Structures are given as structure tokens and as C-alpha cells.
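Notes follow the structure.
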Amino acid sequence: MRNFTNVNDIGPLSEALSKARFVKENPFADQALGKNKTLLMVFFNSSLRTRLSTQKAGLNLGMNVIVLDINQGAWKLETERGVIMDGDKSEHILEAIPVMGSYCDVIGVRSFARFENKRYDYDEVILNQFIQYSGRPVFSMEAATRHPLQSFADLITIEEYKKSRRPKVVMTWAPHPKALPQAVPNSFAEWMNAYDCDFVIAQPEGYELEPQFVGNARVEYDQNKALEGADFVYAKNWAVCADANYGKVMNTDRSWTVTKEKMALTNNAFFMHCLPVRRNMIVSDDVIESPQSLVIPEAANRVVSAQTVLKEILLSL
Ligand code: CP
């Protein structure tokens, strides 16, 4: 695997899960693989879990790790071609990317949707520029439309906790005061569609995701109905995806918050969220603190997903 940006890059999920199990049980078995190899992690946006778990994954593999926060200490980057650079942006990304590539062997990139232009976001312009111009393998640490390391960790967690061969997994929209990208729900849907489960998306009218991500999921506009018999409840907010109101918050209906009463409708479901989460907007205190909450083991599995992906990239060098 050279680049990792979506579920198709990892190969058959059963094999990926088996590789992840090996990595989890033997975290230091491949230290020689990363010796004298440098991982560069480039952040255009904030992060806690991705930053720490991916760094830990690189260190477990024996790599040297460099972290660059573009917005803190680097030159302000111009990302559009053809712009007369007479403003506050001192460097063009088309020079910065190959320079970054010259200092490392593998690059991870975090670059969220900007919500200024849907086409620009959905074309993954920043991530694809890194793939095209860095000369290095590139993996996504959350891009505009997908967060594959998160989804892989989510899948590993579901595999570890599932009690039936084909669990019912419900991804439910939940309210949030600010506009959040569709990367996590898009990606989770993409991975669940590739996995053997009964996958349902619960959302208010107007919050439909792009068909390529919805895939074969059943879309349900009645959250209570969707939650009936669920084995896993995956809560997430996302802003409107439709062209007309792209990136807008059209609904903050608190009746969609995942509460104890909502969880009572399920098959004693596990609660999942990628974090960070706004308590008592997305999920009530008692649900996230309950024994059924998997948010901490789910976050811990981010090391496993990142290490499994990095290992595959190192094997391809
Ligand atoms: N879930 C996740 O990606 O968390 P961070 O934004 O803190 O990295």
C-alpha cells in the first residue's frame, strides 16, 4: 500500500483486521521496519487523538517522527494556483509540499473541509496535492471528506465488542452548535458498507450524505425507530451536505441527543463516538460515562489502526 486515503486502500477487511490484531498483541515486533525512516505529520487543523496516536504508532515501528503545525510557526501557505501573492501568504503549497517530502519518508496530512466551496472540499485538493507533489507515500489523518484512520479504529473496536456475527450498527446524527465536516460520518459509512453488518443511518430531513457514502445503508428519519435493537450506537454531528446549504447548521434539535432513554430502545447497545464530543449536546453524561460507552477503547485503538497502516506503507517502500 503506497497511499491510504479510504477503505479501498487497505484491502480485504478480514485481512486488515487480522493484521491489526497482530499489531495490537505485538506492538514492538516491527521496530526494525521503521529504523532510519522519518514520519512527517502535517496538521492544518487541531488534533489530540490523531496527533498522539499516530506519533505513538510511528515510534512503536522504530520511526523518527516530526510534527508540523502549519498554522503555528510555519509560513502562511497559499493553496490556489494563479493567485498574485501580494497578501499575507508568504509561501505556496506547491513549493512547500516537495520541500516537506525531501525531509521524510512518509507523510500524514490532516486537512479539514473548509466549507467555502463543496467541489473544492470533495475534490480533496490539499490531500491530492500532497500525493501528487511530495514524492512520498501519503496517508490521511482526516481530510475534507474522510477520516479513514478513525473508521479503521472504529471497525477494530466493533470487532472486539460485537456479540453476534452480524451486529446492527446505527450511526445517528446528533445536535451540535457549530458546523462540522462530513468526514467522520462519510468514512464510517464507507467502512460499515464494506463490513458485514446491518447498517442504519439515522438523521433529520435535509442531512443526507452523498450517495457514494450512504451506499447500501438504510436511512431512517425516526431516530427512535432506528435505535430499536441496535448493538452499536455511533453518534456524530455533521453539517448539511446538500449543494444548496452546504456546510450550514439547519437543525439543533436536542431531541436527537443520545440519552439513557434513547439507549433503552437498543439491544443494550455499546455507545461510540470518535471524540472530541460535546456532552449533553451529542450525548448525555450518564451515557458516555456508562459501562456501555466505548469511547476510550475506541480512541486507544487509534494507535492500532495507525500502526497497521504505517506498517503496510513501510513494507511497500
Ligand atoms: N477523533 C479524532 O480524530 O480526534 P482528534 O481530532 O483529536 O485527532
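The lysine pair count for segment 150-298, using Cα distances under 27 Å and pairs eight or more places apart or on different chains, is 25.
Can you put H273, H176, H92 in order of Cβ neighbours within 10 angstrom, beginning with the fewest?
Numbers: H273 25, H176 19, H92 16.
Ranking H273, H176, H92 by Cβ neighbours within 10 Å, fewest first, gives H92, H176, H273.
Counting only helical runs of four or more DSSP H residues, what would the 222 nm mean residue ellipticity of the chain come to if each run contributes -39,500 (n - 2.57) and the total is spread over all its residues? Write out the running numbers ahead of the final one.
Numbers: 12 runs with 113 residues, N = 317.
That calculation yields -10000 deg cm²/dmol at 222 nm.
Charged side chains reduced to their Cβ positions (Lys and Arg at +1, Asp and Glu at -1) give segment 226-317 a dipole of some 260 debye around its Cα centre.
Applying 1/(1 + (r/R0)^6) with R0 = 30 Å to the Cβ-Cβ distance of E95 and M1, what FRET efficiency is obtained, to the nearest 0.05? Don't jump to the answer; show the numbers that get you there.
On the way: r = 28 Å, r/R0 = 0.92.
Given R0 = 30 Å and the Cβ-Cβ separation, E is 0.60.
Scaling the Cα radius of gyration of the chain by the globular reference 2.2 N^0.38 Å produces a ratio of 1.00. Quick one: grab the alpha carbon gyration tensor of segment 211-275, order the square roots of its eigenvalues as a ≥ b ≥ c, and give me rounded if a/c is under 1.5, else prolate or oblate depending on whether a/b is larger than b/c. Prolate shape, in that a/c is at least 1.5 and a/b is the bigger ratio. Were the residues from D196 through V67 laid out at 0.36 nm apart, the gain over their Cα-Cα distance would be 42.8 nm. Cut-off 15 Å, label point 7 angstrom out along Cα-to-Cβ of F22: give me the residues of segment 283-317 whose amide nitrogen falls inside. Under cut-off, by backbone N: 305, 307-316.
Would you kindly state how much longer the chain becomes between V83 and T259 on full extension, computed as 0.36 nm times their sequence separation minus their alpha carbon distance, in nm to one decimal?
Details: separation 176, 0.36 × 176 = 63.36 nm, distance 4.91 nm.
Additional length available on full extension: 58.5 nm.
For L33 and N280, the difference between the fully extended length at 0.36 nm per residue and the C-alpha to C-alpha distance is 84.5 nm. State the answer as a single residue: which of G108, H176, T257 lies farthest towards the positive end of the charge dipole of the chain, with beta carbon charges of +1 for Lys and Arg and -1 for Asp and Glu, about the Cα centre. The one lying farthest along the dipole's positive direction is G108. Take the Cα of E228, step 7 Å toward its Cβ, do the same at S14, and the gap between the two points is 3.3 nm. Shape of segment 80-154 from its Cα gyration tensor (a ≥ b ≥ c, root eigenvalues): rounded if a/c is under 1.5, otherwise prolate when a/b > b/c, or oblate? Oblate shape, in that a/c is at least 1.5 and b/c is the bigger or equal ratio. For the peptides 149-155, 251-257, 108-114, 119-125, the ranking by mean Cβ contacts within 10 Å, running from highest to lowest, is 149-155, 108-114, 119-125, 251-257. Placing unit charges on the Cβ atoms of the charged side chains and taking the dipole of the chain about its Cα centre, the candidate lying farthest along the positive direction among A242, N128, A306 is A306.
By the rule of a C-alpha distance below 25 Å, with chain neighbours fewer than 8 residues away ignored, the lysines paired with K56 are K19, K24, K35, K37, K311.
Each Lys and Arg contributes +1 and each Asp and Glu -1, all at the Cβ; summed about the Cα centre of the chain, the dipole is approximately 640 debye.
Which chymotrypsin sites (Phe, Trp or Tyr not before Pro) does segment 29-111 hold that lie in a coil by DSSP with at most 14 other beta carbons within 10 Å?
Details: sites: F43, F44, W75, Y103; in loops: F44, W75, Y103.
Of the chymotrypsin sites (Phe, Trp or Tyr not before Pro), the ones in loops of segment 29-111 whose Cβ has at most 14 other Cβ atoms within 10 Å are W75, Y103.
Globularity index of segment 150-298 is 0.94 (Cα radius of gyration / 2.2 N^0.38 Å, N = number of residues). Per residue, the average separation of C-alpha pairs within less than 8 Å and at least 6 apart gives the chain a relative contact order of 20 percent.
Each of N64, T79, C274 was scored by the projection of its Cα onto the charge dipole of the chain, and the greatest displacement toward the positive side belongs to N64; charges sit on the C-beta of Lys, Arg, Asp and Glu.
How much FRET efficiency would the formula 1/(1 + (r/R0)^6) give for N245 and A74, where r is the Cβ-Cβ distance and R0 is 25 Å, rounded to 0.05?
On the way: r = 33 Å, r/R0 = 1.33.
Using R0 = 25 Å, I get an efficiency of 0.15.
Placing +1 on each Lys and Arg Cβ and -1 on each Asp and Glu Cβ, with no other charges, gives segment 150-298 a dipole about its Cα centre of roughly 200 debye. In the chain, the longest principal axis of the Cα atoms and the axis of helix 183-193 are about 70 degrees apart.
Read the figures in this text as sums done on the coordinates, not as results from a lab. Small disclaimer: the values here were computed from a predicted structure and weren't measured. As a convention, Cβ positions derive from the backbone with ideal geometry for all residues, glycine included, and neighbour counts pool all protein chains shown.
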